[in-house]
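All remarks here apply to the structure that follows.
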Amino acid sequence: MFADEALDTVSVQSLWRKSHEAAQESQVLLIHSLQHPGAKEKGLHVTSVSWSCTGSVIACAYGIDNGDWSNEKSCVCTWNLDRRGLHHSQADLVIDVPTAVTALCCHPNQPSLIAGLYSGEVVIWDTSRTQDSVVAQTRLSADSHRDPVYQKKGEFGVLSACSGGRVLLWTVGFEQGSFVQKAAYAVLQQQVPHSSSRFKARSNSTVGITSMALSPWDSDTFLVGSEGGLLLRCSFSSQTLAATAFEGQNATLRAPAVFSFRPRSGPVHSIHCSPFHNLFVSGSTDGLVHLHSLLQASPLLSLRVSDSYIFQVQWSPTRPLVFAAATGKEVQMFDLSHRSLRAAATIEQGDADQAATCLAFNCQKPHLLAVGKTDGTVNIWQLSADLMEQSPREISQLEKIANQVAE
């Protein structure tokens, strides 16, 4: 026990020294390196990270994603960074899961976790319970997901999307411990809006959804990205019926897509809406980050971030012109107020087995950034003031970008 703790301390101190030496250049400082030994032994990757509503707890999901998800058992872990005696190699809470966890987010105002599983199930855990922490869980049926759930949101109930093309809106029946389906949507190739007609198919095949985002500016709008590079604006209030029915489906499926953005040349892994304006960023396997207005089909800005995949892209919660992108080998932070479009900070440079696959800014404690890696490690980085403090003219600069007409 003490030997393990000593090794862990040495490892963290070594990482701290390396990051401290580069702090002035990279504007970040490594303060915690967290790892669950059980996940490391199984070779599990970090698939998703999320901060609690207080900003003190980091939640981490595990699985194996080598392009083809493994169905091996996995887990979800949490660490309270404010707790005295924090153990970097011992999570405060470990939840064993029978399959890979493909998506995870913390509830916006309760001590709960919402997860999407490789099996197609969606689960809510109450992390304040010491026993029987499952609050609700979907059942495998014709009306639920039957494909891996890659995205879920918990702002107003639970919104989940899967590779089978269905988007489902749920409310939670806490007394029954179950989900109640409120609405169901299906994204079909033949019902994709005209501007992406080159992706249309004569068949009624579904669009495999790989990413999703809710607009903070319009409660009726959500965005989806697909395996084939489609990027679509969708409406919750759409009354258009889906052109096909799923076998055994009882719920009425509606077609939500109302507008197509310019398609990407590869799967869209990540979409994130700006908390400051009617803009969003998307990241794809083409290595480009596109900055879009919700009102224009073509991007306002296109940045070459990587020569390979972009796994996740996310706006800063406090800096209107800053966003971060996880590109596998590293995380890059961009500041659009700079004349140069080169990264303002680069972190998480590592070997291939230490690729950065996911990240999360901390809305409550904006100096913290969490990064998950393929070696099972979650690193917590401290950001410098210039990466988190808004400048006086920043909103007006963002307005200028938003008012551009895309080429």
Task: Some residue of the stretch 376-389 being open to solvent by 30 Å² or more (accessible area, probe 1.4 Å) and modelled with pLDDT of 95 or more - done: yes
Open item on the list: Testing GLN364 on (1) closer than 25 Å to VAL76 by Cα; (2) open to solvent by less than 30 Å² (accessible area, probe 1.4 Å); (3) not aliphatic (A, V, I, L, M), one condition comes back false. Which one is that?
Closed with: (2)
TODO: Need at least 3 residues that are surrounded by 21 or more Cβ atoms within 10 Å (Cβ to Cβ) per element, so show me which strands (runs of 3 or more DSSP E) inside the stretch 269-329 make the cut, counting only ones lying wholly within it.
DONE: 279-284, 288-293, 312-315, 322-326
- [ ] For SER265, state whether it is polar (S, T, N, Q), at pLDDT below 95 and closer than 20 Å to SER298 by Cα.
- [x] yes
Open item on the list: Looking at GLY55, GLY85, can you tell me which residue is touching a strand residue (DSSP E or B) at 6+ places or on another chain (Cβ under 9 Å), farther than 27 Å from VAL268 by Cα and not hydroxyl-bearing (Ser, Thr, Tyr)?
Closed with: GLY55
- [ ] Return the total of residues in the stretch 330-347 being small (Gly, Ala, Ser) and either open to solvent by 30 Å² or more (accessible area, probe 1.4 Å) or out of contact with any helix residue (DSSP H, G or I) (no Cβ under 8 Å at 6 or more places or on another chain) (or both).
- [x] 3
Task: Residue list for the stretch 352-386, restricted to those being β-branched (Val, Ile, Thr) and not in a strand (DSSP E or B) - done: THR374
TODO: Mind counting the residues in the stretch 126-176 that are modelled with pLDDT under 60 and charged (D, E, K, R)?
DONE: 6
Task: Flag for ALA103 being aliphatic (A, V, I, L, M), in contact with a Lys or Arg (Cβ under 6 Å, 6 or more places away or on another chain) and in a strand (DSSP E or B) - done: yes
Task: Selection status of LEU341, farther than 24 Å from THR377 by Cα, in a strand (DSSP E or B) and not acidic (Asp, Glu) - done: no
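The values are calculated or read from the model by the stated rules, or taken from the named source; none is laboratory data. On a predicted model such as this, the values are computed, not experimentally measured, just so you know. We place every Cβ from the backbone using ideal geometry, glycine too, and count neighbours over all the protein chains shown. Note: areas computed on protein heavy atoms with side chains; ligands, DNA, RNA excluded. Shrake-Rupley method; radii C 1.70, N 1.55, O 1.52, S 1.80 Å.
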